[in-house]
1. Give a quick list of trypsin sites (Lys or Arg not before Pro) in segment 165-199 that DSSP marks as loop, anything other than H, G, I, E or B, with at most 16 other Cβ atoms within 10 Å.
2. Would you mind telling me the antiparallel percentage of the DSSP bridges in the chain, rounded to 5?
3. By how many degrees, 0 to 90 and rounded to 10, does the Cα axis of helix 149-168 deviate from the longest principal axis of the chain?
4. Modelling each spin label as a point 7 Å along the Cα-to-Cβ direction, I'd like the LYS28/LEU273 distance in nm, to one decimal.
5. With a probe of 1.4 Å, find how much accessible area segment 281-321 has per residue, and write the answer as a whole number in Å².
6. Quote to one decimal, in nm, the extra length available between TYR147 and VAL289 on full extension: 0.36 nm per residue of separation minus the C-alpha distance between them.
7. Skip the ligands, DNA and RNA, and give the accessible area per residue of segment 67-273 with a 1.4 Å probe, whole Å².
8. Select from LYS279, LYS132, LYS28 the residue whose mean-square fluctuation is largest in a Gaussian network model of the chain (Cα-Cα springs shorter than 10 Å).
Amino acid sequence: MSHENLLRLFADRDGEYVSGEHISRELKVSRTAVWKQIRKLESQGFEFEASRRLGYRLLSMPDKLDMAALLTSLKTKKFGQKLQVLESVESTQNIAQALAEGGAEEGMLVVAEQQLSGRGRMGRGWISPLGKGIWMSMVMRPTVPIYFAPQLTLLTAVALCRSLKRLTKLDIGIKWPNDLLINGKKISGILLESAAEDERLRYVIAGIGISVNLQQADYPEELLEKATSLRMASGEKQVREAIIADFLLEWEQLYELYQSEGFAPIVTLWESLSVSLHKPATLLTPQGVVEGTPRGLDASGALIIEKLDGSQALIFSAEMGEPRGE
């Protein structure tokens with residue numbers, strides 16, 4: 001049974017239900033084979049409604065990024081003005097890194113409809129199904145010392161949070177350092193990887209994953225308590241091109257502010273959007289467990305922790321657990 005023949009049956013019914021029995025008879029396959037093929041199509045971005053009594057109904061086809069619409073809506077000077085829109089890749093990070101090594105200019109953007117091996121912080125995988133999210137990586141060439149690289153991660157989180165809050169009207173906040181949450185559930189991943197020489201950054205590859213139009217069926221059951229999408233949270237399908245264009249403009253403007261005025265304005269913005277501050281927390285650092293209450297960011301971008309004994313510590317890298325009770 002080919003996808004084409006199955007989809008032709010649904011096209012002939014134009015939005016109406018088609019019974020599993022009818023599909024089975026027309027395509028000369030078992031009802032189980034029909035169910036498996038529909039599940040496969042769902043993994044590729046098709047949306048179906050299933051009824052035990054009526055059968056299946058095709059709700060929507062995969063949403064393809066419109067490169068022309070994206071370029072038309074961009075208002076940036078550099079960010080995204082040169083871009084590649086690809087179908088299915090292992091990781092946009094790998095492609096952007098190769099482009100950077102080949103001399104790609106700052107702002108070069110790689111966007112994929114699907115990632116087969118998307119990765120997040122701490123080497124974790126990232127669910128990147130076809131046509132339902134924004135999976136992209138951009139080349140940055142900041143003229144700052146290598147130890148300022150974490151500041152760019154925090155800047156990127158601020159830009160993404162401000163943009164998504166404005167577009168969706170959802171209550172989105174930042175969990176330290178760069179996870180974006182809605183009601184405690186993660187909607188995006190940010191991963192910055194850098195190459196340096198003589199204490200200077202040669203380039204930074206900024207990877208952004210945004211769960212835009214994923215639905216409950218796209219997530220493994222064990223992730224549903226921890227992850228959500230803009231569509232699930234808002235109840236509305238979102239336009240990916242509009243999100244990319246708005247975010248890139250916000251990101252570029254904050255990057256220009258950072259280059260002209262330093263990190264202090266970014267600190268203020270990050271602290272205003274954070275959901276991590278002033279709540280007792282446990283942090284798993286490379287040196288061991290630290291318990292205390294996050295109070296803010298210092299000038300370098302480190303998290304200021306007030307420890308249980310009242311002393312302060314600076315945390316540069318850690319995994320933050322759930323807030324503890326007072």
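The values are calculated or read from the model by the stated rules, or taken from the named source; none is laboratory data. These figures come from a predicted structure and were not determined experimentally. Positions of Cβ are generated from backbone atoms using ideal geometry, with glycine treated the same way; all protein chains shown enter the neighbour counts. Just so you know, the surface numbers come from the protein's heavy atoms only, side chains and all, with ligands and any DNA or RNA stripped out. Shrake-Rupley method; radii C 1.70, N 1.55, O 1.52, S 1.80 Å.
1. Details: sites: LYS165, ARG166, LYS169, LYS175, LYS185, LYS186; in loops: LYS169.
In loop regions of segment 165-199 (DSSP not H, G, I, E or B), the sparsely surrounded trypsin sites (Lys or Arg not before Pro) are LYS169.
2. Details: 52 of 60 bridges.
Rounded to the nearest five, the antiparallel share is 85 percent.
3. The angle comes out at about 50 degrees.
4. Simple spin-label model gives 5.8 nm for this pair.
5. With the other protein chains kept in place, segment 281-321 gives 49 Å² per residue.
6. Fully extending the segment from TYR147 to VAL289 adds 48.8 nm.
7. On the way: 8700 Å² over 207 residues.
Per residue, segment 67-273 has an accessible area of 42 Å².
8. LYS28
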